[in-house]
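Here is the structure we will look at.
The values are calculated or read from the model by the stated rules, or taken from the named source; none is laboratory data. Just so we're clear, the structure is a prediction, and the values are computed from it rather than from any experiment. Virtual Cβ from ideal backbone geometry, glycine too; neighbours counted across all protein chains shown.
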Amino acid sequence: MKLLIIGGGIYVKGSQFNENGTIIPSIIESIKEKNIDQVGFVTTSNKSADACIKISKKLSKLLKVKINPKTFLKLKSNSKVSYKKAIKEFKPDATIVVTPDHTHYKICKDVILSNSNLLVVKPLSDKAEEVKKLVNLIKNRRKIYQVEFHKRLDEANLTLKKFIFEKKLGDLKYCVIEYSQKKIIPETLFKNWADKSNSFQYLGVHYIDLIYFMTKFKPVRVWAWGQKGYLTKKGINSWDAVQATVEWRSKNRKFFSYIITNWIDPNNSSATSDQKINFVGDKGRFYSDQKNRGIFTVSDQNNFSHLNPYFTNLNLSERYFFDGYGVKNVKNFIRNSKQNENENFNLKTLNSTFYESIISTKVIEAVNKSLKNKSKVIDIK
């Protein structure tokens, strides 16, 4: 199977916070499992594509995965539309889109029309109308179409889902969620496009999807607040922080979520992201600190740091391999894409993240509208 990677950012090849990224480790594991024969990389610069190839070869050697000179291909990467030529000439069986939020619609549309399986990082789009068009486009196509909502596979969140399903919390009343990232994310790593997104759109979308996934309540009303100052002084026209209240309903029941996000955490924080979940019902409470997993390190060379080995982790047991819910999510997509031609998959279930993206995108759209209109309450239809 031929796999095309569109994009070459930190999620693909890593950064100082995530040494190997998540996409490339997932690719190496999939090659080892004989689910991929060839991988093509296309980005907006040849330098970035070269880096993807270099890291792929390094990890293949580390994991003792056999490759040949044609396993990893650098496809011409010199513009924002290089991917179009890559799709046409490489003819991928499966494609992973790892590009900035505002580019997803056009790229995903082209991938779908090429008849390739598709995995795209969240959000599918920040516009509900675009999501509807993409959903209509995949109808009657027997392919895998997914949005990379990896938090659905985190065991902490699956435990919460189980508690809600078993009604151990009783009737839900409210939840408070905080998700923030270091300043270096928008300032440096996302500098070229941070002004086209914001902390709620990029971070909060995960938890909107997660709330729907766990409860099946639907969002009906949103009001949001935001603060600007630090990022605008750095030349980035985006919100420093965003707080959004969402009303959720299911028949005659309702509860509220209060989601706090920011892109201005100190760069010397103990983790790239700070994440906390607190769900409260009339019979119980569930709290999860997803930064503090009970593992930290400190040394003469490095500051105190919290670690999350459950997302993407290099396992150094008798044989080296990558695991974690981030890797699992990508590997599942690749394996299912390979088997899809010969298996009678329930595509409605497999593609649920794609279909259900309309929920999170409607909330993103409502939050952005509320922010632009002095925290006006926005109804979601």
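Could you identify the single residue in Ser299, Ser305, Ser273, Ser317 that is under 27 Å from Gln146 (Cα atoms) and either not aliphatic (A, V, I, L, M) or not assigned by TED's automatic domain parsing to the domain that holds Gly14 (or both)? The unique qualifying residue is Ser273.
Among the residues making up the range 312-340, none is more than 24 Å from Ala156 (Cβ to Cβ), part of a strand (DSSP E or B) and touching a Phe, Trp or Tyr at 6+ places or on another chain (Cβ under 9 Å). Apart from one condition, Glu19 fits all of (1) among the charged types (D, E, K, R); (2) over 27 Å from Ser317 (Cα atoms); (3) in contact with a strand residue (DSSP E or B) (Cβ under 9 Å, 6 or more places away or on another chain); the exception is (2). Can we say Leu63 is over 22 Å from Thr103 (Cα atoms) and aliphatic (A, V, I, L, M)? It is true that Leu63 is over 22 Å from Thr103 (Cα atoms) and aliphatic (A, V, I, L, M). The one condition from (1) surrounded by fewer than 22 Cβ atoms within 10 Å (Cβ to Cβ); (2) outside the structural domain of Ser337 (by TED's automatic domain parsing) that Gln181 does not meet is (1). In contact (Cβ under 8 Å) with a residue 12 or more places away in the chain, of a type in the set (A, V, I, L, M) and part of a strand (DSSP E or B), is that true of Ile112? When the stated conditions are applied, Ile112 does not pass them.
Given the structure, is Ser299 surrounded by 17 or more Cβ atoms within 10 Å (Cβ to Cβ) and part of a loop (DSSP other than H, G, I, E, B)? So Ser299 does not fit the description; no. Against the list (1) touching a Gly at 6+ places or on another chain (Cβ under 9 Å); (2) free of Cβ contacts under 8 Å to residues at least 60 places away in the same chain, the condition Phe311 fails is (2).
Taking residues in the range 20-45 that are outside the structural domain of Ala86 (by TED's automatic domain parsing), and partners anywhere that are among the hydrophobic types (A, V, I, L, M, F, W, C) and part of a loop (DSSP other than H, G, I, E, B), not one pair has Cβ atoms closer than 8 Å while being at least 6 places apart or on different chains.
Among the residues of the range 260-270, is there at least one that is over 29 Å from Asn192 (Cα atoms) and in contact with an Asp or Glu (Cβ under 7 Å, 6 or more places away or on another chain)? No - not one qualifying residue is present in the range 260-270.
Picking from residues in the range 246-276 that are in a strand (DSSP E or B) and more than 22 Å from the chain's Cα centre (by Cα), the one that is farthest from Lys173 (Cα to Cα) is Ser250. Just one of the listed residues (Lys254, Lys233) is surrounded by fewer than 18 Cβ atoms within 10 Å (Cβ to Cβ), touching a residue at least 12 places away in the same chain (Cβ under 8 Å) and not polar (S, T, N, Q), and it is Lys254.
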